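Chemist: Quick one: this structure, given as structure tokens, is what I'll be asking you about.
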Amino acid sequence: MTEKRVIITGARGLLGQKIVEVFKRESEYELMPCVLEDGVEGYFSLDITDHHKVMDAVSSFKPSVIVNAAAYTDVDNAEVEKELAYKVNATAVGYLAEAANVFNAKLVHISTDYVFDGQKGNYSEESKPEPINYYGKSKLAGENLVRAKVQDYAILRTQVLYGFASDVKKNFALWVIDKLSKGENIRVVDDQIGNPTLADELAFAILKVCQRKSVGLYHVSGFETISRYEFANRIAEEFGLDYSSIKAIKSDELSQHARRPKDSSFICLKAQAELGINMPSVKDSLSLMKQQMKRAGAVELQNKN
Ligand SMILES: NC(=O)c1ccc[n+]([C@@H]2O[C@H](COP(=O)([O-])OP(=O)(O)OC[C@H]3O[C@@H](n4cnc5c(N)ncnc54)[C@H](OP(=O)(O)O)[C@@H]3O)[C@@H](O)[C@H]2O)c1
């Protein structure tokens with residue numbers, strides 16, 4: 001069996017952990033999981049903003065694929081830390097693309113619905129990006145560098161990414177579970193809609209991209225278009241938490257630094273047809289997340305099903 005070598009950057013982020021899990025299940029892959037920090041057991045240290053280190057890592061490991069799950073993901077802080085956001089989400093992505101091109105590797109890169117302004121919704125791969133916040137601008141610049149510097153690439157745009165993994169930043173679902181489990185009230189916007197996507201499912205789509213040697217841009221998200229408020233209610237229902245503690249509000253009532261697209265929903269027909277993926281319902285995805293959390297003893301669930 002031929003061994004395929006895969007570099008995974010941002011390997012301890014939410015998506016990065018899921019990618020490592022999914023690829024480890026396939027015996028033909030040898031992995032080089034990379035993290036930003038030094039000295040984490042089982043991981044290589046790779047700051048993707050360090051051009052020399054990126055070139056060194058790729059020239060010495062000789063991967064057939066580089067999967068970039070590293071990113072500057074703090075949407076509000078990106079309005080303030082513009083330089084750092086651009087460095088990680090654009091300049092460094094250019095380094096990875098250059099290294100992939102020079103050393104004949106495929107680059108699989110993850111992008112976002114925030115490249116769209118959210119005026120219309122139902123965005124396909126052909127829709128024109130028009131970011132309304134700096135995070136979205138920096139991610140779009142990263143996409144453009146990938147397209148310009150390497151031919152064998154796949155860019156997967158996703159949205160409302162959630163799931164359970166150890167020591168990750170609280171994603172929306174983990175935040176709702178945490179607050180409601182503590183009996184706290186939460187205010188959630190009902191005028192931002194999109195397609196919640198379980199990170200495990202996106203990781204599986206990334207594996208498919210590698211197996212099928214797919215090239216180009218793909219929209220990959222859950223198929224249900226719902227508001228954040230509706231999503232919070234579905235989370236409460238699945239986890240047996242009190243949804244009377246969830247109050248619907250409008251985006252204007254939140255003082256967020258960065259503007260958010262109102263409707264950034266995706267059309268994912270290309271990914272369905274070419275990658276053969278069928279995303280499960282929000283209910284089934286939440287149920288899988290609940291099982292993972294139960295196994296890890298990560299939350300006291302009120303319903304013990
Ligand atoms: N979360 C969402 O709702 C969402 C929606 C659409 C698209 N996406 C995209 O999906 C991808 C994965 O997101 P995620 O939710 O898994 O993010 P995450 O949990 O924040 O993980 C990102 C990882 O990147 C690492 N990182 C940051 N700067 C780095 C650098 N200079 N060099 C190497 N690693 C660095 C972070 O390390 P530290 O933690 O040590 O900083 C972190 O482990 C990103 O491309 C993101 O833009 C996310």
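The values are calculated or read from the model by the stated rules, or taken from the named source; none is laboratory data. What you see is a predicted model, and the numbers here were worked out from it, not measured in a lab. Note that we place each Cβ from the backbone using ideal geometry, even for glycine, and neighbour counts take in every protein chain shown.
Chemist: With Ser166, Ser255 as the choices, which residue is in a loop (DSSP other than H, G, I, E, B), over 22 Å from the mean Cα position of the chain (by Cα) and either closer than 30 Å to Leu145 by Cα or among the hydroxyl-bearing types (Ser, Thr, Tyr) (or both)?
Modeler: Ser255
Chemist: Which members of region 1-50 meet the condition of being β-branched (Val, Ile, Thr), in a strand (DSSP E or B) and farther than 15 Å from Val88 by Cβ?
Modeler: Selection gives Val6, Ile7, Ile8.
Chemist: If you don't mind, another one. Looking only at residues that are in a strand (DSSP E or B) and in contact with a strand residue (DSSP E or B) (Cβ under 6 Å, 6 or more places away or on another chain) in region 207-219, which one is nearest to Tyr153 (Cα to Cα)?
Modeler: Leu217
Chemist: Given the criterion in contact with an Asp or Glu (Cβ under 9 Å, 6 or more places away or on another chain), surrounded by fewer than 16 Cβ atoms within 10 Å (Cβ to Cβ) and not hydrophobic (A, V, I, L, M, F, W, C), identify the matching residue among Arg187, Arg147.
Modeler: Just a single option satisfies the conditions, and that option is Arg187.
Chemist: Being surrounded by fewer than 22 Cβ atoms within 10 Å (Cβ to Cβ), within 26 Å of Gly121 (Cα to Cα) and either more than 16 Å from the chain's Cα centre (by Cα) or at pLDDT 95 or above (or both) is true for just one of Val176, Val220, Val209, Val215. Which residue is that?
Modeler: Val215
Chemist: I've got another one for you. Taking the conditions exactly as written (among the acidic types (Asp, Glu) and either over 22 Å from Lys120 (Cα atoms) or part of a loop (DSSP other than H, G, I, E, B) (or both)), does Glu230 satisfy them or not?
Modeler: Criteria not met by Glu230.
Chemist: Does Leu156 fit the bill of being within 13 Å of the ligand (Cβ to nearest atom), part of a helix (DSSP H, G or I) and either more than 14 Å from Val65 (Cα to Cα) or touching a residue at least 40 places away in the same chain (Cβ under 8 Å) (or both)?
Modeler: In short, no.
Chemist: So, in region 17-51, how many residues would count as being within 14 Å of the ligand (Cβ to nearest atom) and either of a type in the set (Ser, Thr, Tyr) or touching a Phe, Trp or Tyr at 6+ places or on another chain (Cβ under 9 Å) (or both)?
Modeler: Looking only at that region, the number is 14.
Chemist: Which one of these is closer than 28 Å to Leu36 by Cβ, of a type in the set (A, V, I, L, M, F, W, C) and in contact with a strand residue (DSSP E or B) (Cβ under 6 Å, 6 or more places away or on another chain): Ala199, Ala258, Ala165?
Modeler: None of the other options fit; the residue is Ala199.
Chemist: Now for a different question. Residues to consider are Gly142, Gly222, Gly136; find the one that is under 15 Å from Ser264 (Cα atoms), within 14 Å of the ligand (Cβ to nearest atom) and in a helix (DSSP H, G or I).
Modeler: Going through Gly142, Gly222, Gly136 in turn, the sole match is Gly136.
Chemist: From the list Gly121, Gly94, exactly one residue is small (Gly, Ala, Ser), surrounded by fewer than 21 Cβ atoms within 10 Å (Cβ to Cβ) and outside any helix (DSSP H, G or I). Which is it?
Modeler: Result of the check over Gly121, Gly94: Gly121.
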